[in-house]
Each structure stands twice: as structure tokens, then as C-alpha cells.
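Novice: Provided herewith is a single structure, encoded as C-alpha cells, for subsequent inquiry.
The values are calculated or read from the model by the stated rules, or taken from the named source; none is laboratory data. No experiment lies behind these values; they were computed from the predicted model shown. No Cβ is skipped: glycine too gets one built from the backbone with ideal geometry, and neighbour counts run over all protein chains shown. For accessibility, only protein heavy atoms count, side chains too; no ligands or nucleic acids. Shrake-Rupley method; radii C 1.70, N 1.55, O 1.52, S 1.80 Å.
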Amino acid sequence: MQKERVLIVDDECEIADLIALYLKNEGFQVFKFYNATDALSCIQTEYLDLAILDVMLPDSSGFTLCQKIREKYQYPIIMLTAKGEGMDKITGLSLGADDYMTKPFQPLELVARVKAQLRRYKLYNTALEQKEEIIVFSGLVLDVKAHKCTINDKPLSLTPTEFSILEILCKNRGSVVSSEDLFHQIWKDEYYTKNNNTITAHIRHLREKMGDSYENPKYIKTVWGYGYKIEE
């Protein structure tokens, strides 16, 4: 079986080395770099399954690398942010990252999140190929099998996480889906907390891509204190 290939970019050598050690012990092939320049060369030349990007790098930023990846690839991205830097989390997710972890963190939790992201990514590249399903709603078309989405005949470039959120909401049209339910359906882990703003950030970016209004949304509506829904 071919090893899954993970990119690690962190200028704190001890952290990068520790992450690499844990992932190698779990059978992953690791590409480890301490700066953005070398990492970018790897992104452009190597096949990767997932990227772990630190926000602060000496020659650029994890945000820039995230953008570069999303210009061409849809594999999962996990951002590493400093404690208390809430805006870093929001920025990373809005640029197409799928998850984030705040330093300091437990390496085993990061490994668990890597595995969860890869399971979900594979779902859209293998299992969904066995399903034939097209969701059509008010100009919005989701081809679940092909993992493609259009709105008023214009293609939307969605990350796997954004596509998952939209698919869940469309399949539950007319019903409210809580932020916690969305989180668990997508990540399938137990790391959700009341102040977790991961879903909020993804919804915001999804609305921007759809040209949907926060104040008077046509598609995704916020139900305060509970979650989100798409009306019938």
C-alpha cells in the first residue's frame, strides 16, 4: 500500500521534527521544511495528500502557501496558529484551509485530525464515485459524484469542507442543522467546543463564493443560537 504523503512547514524545528516523528510512526511519508521557499518547491513538484502549515514563517507565511495550494489542489490543509491569534484561524479558513490547531497542542490530536481529514478527502475521491446523485435547488446544482458545484450555471470552486457543508445543508433543506452537528458530520471527532468558530468561518467563505448576502441571504440562513439552514 502506498504511503500517504504529508507536507509539514514550520520554522520551529522542534515542532516540525516532532510532528514528523509522530506521522512517520503512523506510516505516513513526510516532507518537512522550515521555510516557505523550500516548501513551495515541494508543492509544485511532489504529489501530496495533505499539508500542515504554520502561519508564521521567516520568508513568507502559511497563508501564502495555502493560497498557492488552493490555486491548483484540493487536498486538505491544516493550519497551525499561535495561542490567542483568533484572526489567524479565521483568515486561514477563509483562504481554503480545512482545519486549524492552536499551539501548544498534543501531537496525537494532530495525528487524529490528519487521519480524519484524509478519510473525508478520500470519501470524495473514492466512495462518492460509487454514488450517483445530483442536488438541484434554486439555481444551485451539486453533482455529488463528480464533486462539482454550479450556481446559475457558473462553476463554484469549493474546498472539500465547503462542499460537505453545502451538501449537508441541501440534503436537510427546510430543517436547521446545528453547528455542532455540521462539525461532527464533517470531521467525525470529539474536539468540538461551544466557542469553536470553524463552521462559522467556512460558512462565511462559502457565502462569499456563492455571492450570498449575510444580511438577506438567498441560500444559507443563520438561525441564531443554533445553526444554519437552507429553505425549501
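Novice: Which of the pairs K24/K89; K3/K229; K89/K145 have their Cα atoms more than 32 Å apart in this structure? Kindly include the intermediate steps, with their values, before the conclusion.
Specialist: Details: K24/K89 26 Å; K3/K229 39 Å; K89/K145 30 Å.
Violating the 32 Å Cα-Cα cut-off are K3/K229.
Novice: Please report the antiparallel percentage of the DSSP beta bridges confined to the chain, to the nearest 5.
Specialist: Working: 18 of 35 bridges.
About 50 percent, rounded to the nearest 5.
Novice: Out of the GluC sites (Glu not before Pro) in the range 62-124, which ones are loop residues according to DSSP with at most 13 other C-beta atoms within 10 Å? Provide the component values of the computation, followed by the final result.
Specialist: Values: sites: E71, E85, E109; in loops: E71, E85.
Here the sparse-neighbourhood loop sites are E71.
Novice: Loop only per DSSP, at most 11 neighbouring Cβ atoms within 10 Å: give me the chymotrypsin sites (Phe, Trp or Tyr not before Pro) in the range 48-113, ordered by residue number.
Specialist: Details: sites: F63, Y73, Y100, F105; in loops: Y73, F105.
In loop regions of the range 48-113 (DSSP not H, G, I, E or B), there are no sparsely surrounded chymotrypsin sites (Phe, Trp or Tyr not before Pro).
Novice: If the chain between E133 and I168 were fully stretched, how many nm would it gain, using 0.36 nm times the residue separation less the Cα-Cα distance?
Specialist: Working: separation 35, 0.36 × 35 = 12.60 nm, distance 1.31 nm.
Here the segment from E133 to I168 would lengthen by 11.3 nm.
Novice: So if each residue of separation counts as 0.36 nm, and I subtract the Cα-Cα distance between S178 and K209, what length gain in nm does that give?
Specialist: 9.0 nm
Novice: Stretched out fully, how many nm does the piece from Q185 to T222 gain, at 0.36 nm a residue minus the Cα gap? Don't skip to the end; give the middle numbers.
Specialist: Numbers: separation 37, 0.36 × 37 = 13.32 nm, distance 1.83 nm.
Extending this stretch completely gives an extra 11.5 nm.
Novice: Per DSSP helix of 4 or more residues, -39500 (n - 2.57); summed, then divided by the residues of the chain. What does that give at 222 nm, rounded to the nearest 500? If you can, show how the numbers build up before the last one.
Specialist: On the way: 8 runs with 92 residues, N = 232.
Rounded to the nearest 500, it is -12000 deg cm²/dmol.
Novice: Sticking with this one: Just how much of T102 is accessible, in Å², when a 1.4 Å probe is used and the result is rounded to the nearest 10?
Specialist: Accessible surface of T102 is approximately 40 Å².
Novice: May I pose another question? If you filter the range 37-120 for trypsin sites (Lys or Arg not before Pro), then keep DSSP loop positions with at most 16 other Cβ within 10 Å, what is left? Please list the in-between numbers first.
Specialist: Working: sites: K68, R70, K72, K83, K89, R113, K115, R119, R120; in loops: K72, K83.
Answer by residue number: K72, K83.
Novice: If you count, for each residue, the other Cβ atoms within 10 Å and average over each peptide, how do 13-19, 213-219 line up from highest to lowest?
Specialist: On the way: 13-19: 15.3, 213-219: 12.6.
The densest-packed peptide leads the list: 13-19, 213-219.
Novice: Label-point separation (nm) for T45 and E109, each offset 7 Å from Cα along Cα-to-Cβ?
Specialist: Here the modelled spin labels are 3.6 nm apart.
Novice: FRET efficiency for Q29 and E231, Cβ-Cβ distance as r, R0 = 35 Å, nearest 0.05? Let's see the in-between values first.
Specialist: Working: r = 46 Å, r/R0 = 1.30.
Taking R0 as 35 Å, the efficiency between Q29 and E231 is 0.15.
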